[in-house]
Amino acid sequence: AAMKVGQLLSMEGGELLPAELTEVLSQLQNAAEPMPFSQLTQVLEASWGAGWDRHFQQFSFEPFAAASIGQVHRARSASGEQLAIKVQYPGIDRSVDSDVDNVASLLKWSGLLPKGMVIDPLLAEAKAQLHAEADYLLEKSWLEQYRDRLGLSEIHPGALIVPRCYPDLTTRKTLVMSYETGTSLNQLAGQPQSIRNQVVERLFSLFFKELFEFRMVQTDANFANFLFREDSHQLVLLDFGATRTFPKRIANAYRDLILGAIRNDREHIEAAISKIGFFQEQILPNQRKAVVDVFQQACEPFSFEGCYDFQGHRLASRIREAGMHLSTRENYWHTPPADALFLHRKLAGLYLLASRLGAC
């Protein structure tokens, strides 16, 4: 859980936080160690009972992927289907609260976080999110909802693939899905510009559909959560643990924000920011103006005419610089609403992904 908090704060990119804090938190990105064999078999027996291997023709005890709260194994079902099985590390759900508190204490004592920054509400949200991610039955529900909704999607029909879930074998600690193939997005840098643009376009189209139609957003834009099939140009969506629902009023406020940015209407932008939940504390006029400036800059791709070069425009780093200006020169630290925190994390991740791929 401590690793997951670091991942949440580092936002998978390293361009939005001060360099010192990013260096510390980046060590938590891929530090998971596989479970020992005896521990793994204990988890599997607890989930499926004695003789659990009767469900499979083959089960690979060596994980092919490992993350902060679980690891993923390949298997072949008794009927011969290729499977990917997420197995949760023991005790994760019991340690979430204390681990989050410990990380928070370290961050506060380190002096890397501003003294005036109130993070307690965000820590409570981080705990709730981690408890939700530790429930694979809940993730199964998100996965099935995505399959149903994207099956009828008008976004490039058939272009988005969601694994099939196997409910009879899925428990709170094991999530059994179809094994999906594809290339990591990290390996697409050498692909033609049209392919890289297509991948990013589909991810942004999905994000808008999630927010404005589903009001259900998978808030983690980690590269590892997507695969690309070069033969069919399909995108595979892999992880749904960080899915979060958004109230209609928040979705509508973000719609107003984007429309205001497209029209270059600062009053419209300011009103939308207020609806989202900012400006609830004491704020001076110059600070309010600076906040609007940051939001307007963050919406730059939506108002740009023509091809927006994510890499060339250095958007993520410029947003960080604007935020640092707001905090240091304007002396304004504001704890964002929880909905905004998770939504901005997803959008920032998409911006960073687009920059890494050199999309336009």
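The values are calculated or read from the model by the stated rules, or taken from the named source; none is laboratory data. Not measured: the values here are computed from a predicted model. Neighbour counts run over all protein chains shown; Cβ positions are idealised from the backbone, glycine included. Keep in mind that these areas ignore ligands, DNA and RNA; they rest on the heavy atoms of the full protein, side chains included. Shrake-Rupley method; radii C 1.70, N 1.55, O 1.52, S 1.80 Å.
Could you tell me whether residue 223 is among the aromatic types (Phe, Trp, Tyr) and at pLDDT 95 or above?
The answer is no for residue 223.
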Self-check item: Test result for residue 154, modelled with pLDDT of 95 or more, surrounded by fewer than 19 Cβ atoms within 10 Å (Cβ to Cβ) and charged (D, E, K, R)
Solution: no
Exercise. Scan the stretch 237-274 residue by residue and report those that are more than 15 Å from the chain's Cα centre (by Cα), among the β-branched types (Val, Ile, Thr) and open to solvent by less than 60 Å² (accessible area, probe 1.4 Å).
Key: 250, 258, 269, 273
Exercise. Please list, ordered by first then second residue, the pairs with beta carbon atoms under 9 Å, 6 or more apart or interchain, first in the stretch 84-104 and of a type in the set (Phe, Trp, Tyr), second open to solvent by less than 30 Å² (accessible area, probe 1.4 Å).
Key: 89/32; 89/35; 89/43; 89/68; 89/69; 89/70; 89/71
Quiz item: Which numbered condition trips up residue 186, out of (1) in a helix (DSSP H, G or I); (2) open to solvent by less than 10 Å² (accessible area, probe 1.4 Å); (3) at pLDDT below 95?
Solution: (2)
Practice problem: Hey, can you tell me all the residues within the stretch 306-321 that are modelled with pLDDT of 80 or more and either touching a Cys at 6+ places or on another chain (Cβ under 6 Å) or open to solvent by less than 30 Å² (accessible area, probe 1.4 Å) (or both)? | Solution: 307, 308, 309, 310, 315
Practice problem: Restricting attention to the stretch 158-171, report how many residues are open to solvent by 20 Å² or more (accessible area, probe 1.4 Å) and without any contact (Cβ under 8 Å) to a residue 60 or more places away in the chain. | Solution: 3
Quiz item: Just wondering, is there one or more residues in the stretch 245-259 that are in contact with a strand residue (DSSP E or B) (Cβ under 6 Å, 6 or more places away or on another chain) and at pLDDT 95 or above?
Solution: yes
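Enumerate the strands (runs of 3 or more DSSP E) found wholly within the stretch 44-102, keeping only those where 2 or more residues are loosely packed, with under 15 Cβ neighbours inside 10 Å.
56-59
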Quiz item: Pick from the stretch 275-284 the residues that are more than 27 Å from the chain's Cα centre (by Cα) and open to solvent by 50 Å² or more (accessible area, probe 1.4 Å): which of them is nearest to residue 338 (Cα to Cα)?
Solution: 281
